[in-house]
Amino acid sequence: MEYSNLQRQAASLKKSLFDQGYLDEQFCQIEYLQDEASPNFTEEVVSLFFENSTRLMTNIEQAMEKNPRDFSRWDVNMQQLKGSCSSIGASRMKNECTSFRNICGDENAEGCMRSFQNLKREHGVLRQKLESYFQVLRQAGPAVTAARPRGM
Amino acid sequence: MAVVASETPFHVLAVDDSLPDRKLIERLLKTSSFQVTTVDSGSKALQFLGIHDDDASTVSVHAHQLDVAVNLIITDYCMPGMTGYDLLKKIKESSSLRDIPVVIMSSENIPSRINRCLEEGADEFFLKPVQLSDMSKLKPHILKSRCREHYEQEQQHQQSDSNSNDCSSPTNMSSSSDSSRKRKAEDNEEILPQKNRPRHS
C-alpha cells in the first residue's frame, strides 16, 4: 500500500511541475532516455544542470557587479544559461532568461537586476521541487522509473 | 532503427563545453547504437583527431595514425576559445579529415549562422535541445560519405585496370579522396529541423 502511495506521490509531484510550467516536454525526453543500463540518468543530468547553472549564474552576478552596463557581456552569459535551461526542460527559468535578454537589449540595468532576482528565485524553487521529486522516486523504488517500451 | 551490416558500430566524436549537454548527447548517441567519444573543446577534438591546432592546414595526418576511426563529428556552436564553426573550418582544411561528416548544434536559431555553417561544409544543423529523432539523421551522412569514398576508390582502381571494390566492405577513412571540400546547401534535405517549438526572443 505504501509503495503505491509513493508512486502516486511521485506522479503527482511530476504533474504539478508540468502544470505549473516549471518543466516542459524536454524533461520527458530525458526521462525517456533512462533505462536499466542507465537507471539514474535523469537525476544525474539534473544534478549536472544545477552545478552548471549555479556556476553560470555566479558568472552573471559577477559580471553585473564588475562590468556595470556591459549589456553585451551580460547577454552572452545569459545566452549560455538559457541554453542550459532548455536542454533540461527548465521552462520557467528559460522564460526568465529570455525576459532578461530582452530587457538587456533595452539596456535597462535595473530591469536586468530585477529579472536576475526572479531567475535566482526560480532556480531555487526548481531545485527544491526536483530534489523532492527524486527523493520520492527513490523511495518508491525501481518500478516507478522502469524503462518505457522503446517504440520506433 | 536498422543497423548497417558492419561489425563495429559507427563512432561519433561529440564536442560540447557544457557537461550536462555532453552527458545528454552521449546518451542520445549510445541509445542510437553509436560508439561515442566526448570532448569539451574544439582543441581537444583536434587532438583526438590527430591534428595539431597550429599547423592543421599544412600537416596531413594519414587516417591510419588515428587509433580509432571517427565516422562523424557533432559539435556545439558556442564554445569558448574555438567555436564549433572554427572547428568545422579546421576539419575541412585538413586533407585527412575533410570527408568526415560534421554536424553543428546550437540553442540559437539564427539563419545566418546556420547558412554560414552549411556553406563551410557542415552536413547538418541541429537546434538544441537535440532530440532522439535527430539521431536518425546521422547515419545517412556517414553512409553517403563512405559511398563517395568507395566510389572514388573504385574510379582509381578502374583507371589502373584492377578489379573494383565491393561497396559494402567497410574501410577506415582514407586520406586519398579528392572530393570537393565544400558541400552545397542544396545537398542537405533538411536545413532547419521541423518542430512545434515556441520561438523565443
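Just so it is clear, none of the values below were taken in a lab; they were calculated from the coordinates. Quantities reported herein were computed from a predicted structural model and do not represent experimental measurements. Positions of Cβ are backbone-derived with ideal geometry, glycine not excepted, and every protein chain shown enters the neighbour counts.
Worth pointing out:
- Mean residue ellipticity (222 nm) of chain A, computed from DSSP H runs ≥ 4 via -39,500 (n - 2.57), nearest 500: -26500 deg cm²/dmol
- Relative contact order (%) - criterion: Cα under 8 Å, at least six apart; region: region A:1-106: 30
- Rounded if a/c under 1.5, otherwise prolate or oblate - region B:82-152, Cα gyration tensor axes: oblate
- Debye-sum result for region A:38-152 in log10 I(q)/I(0), which assumes one identical scatterer on each alpha carbon, at q = 0.09, 0.12, 0.22 Å⁻¹: -0.30, -0.49, -1.16
- Longest exposed-site-free window of chain A, the sites being GluC sites (Glu not before Pro) in a DSSP loop that have at most 14 other C-beta atoms within 10 Å: A:37-106
- Sorted largest first, the spans of the alpha carbon positions of region A:1-94 along the three principal axes are 57, 30, 20 Å.
- Net charge contributed by nearby residues that have their C-beta within less than 10 Å of B:Glu108 (K/R +1, D/E -1): +3
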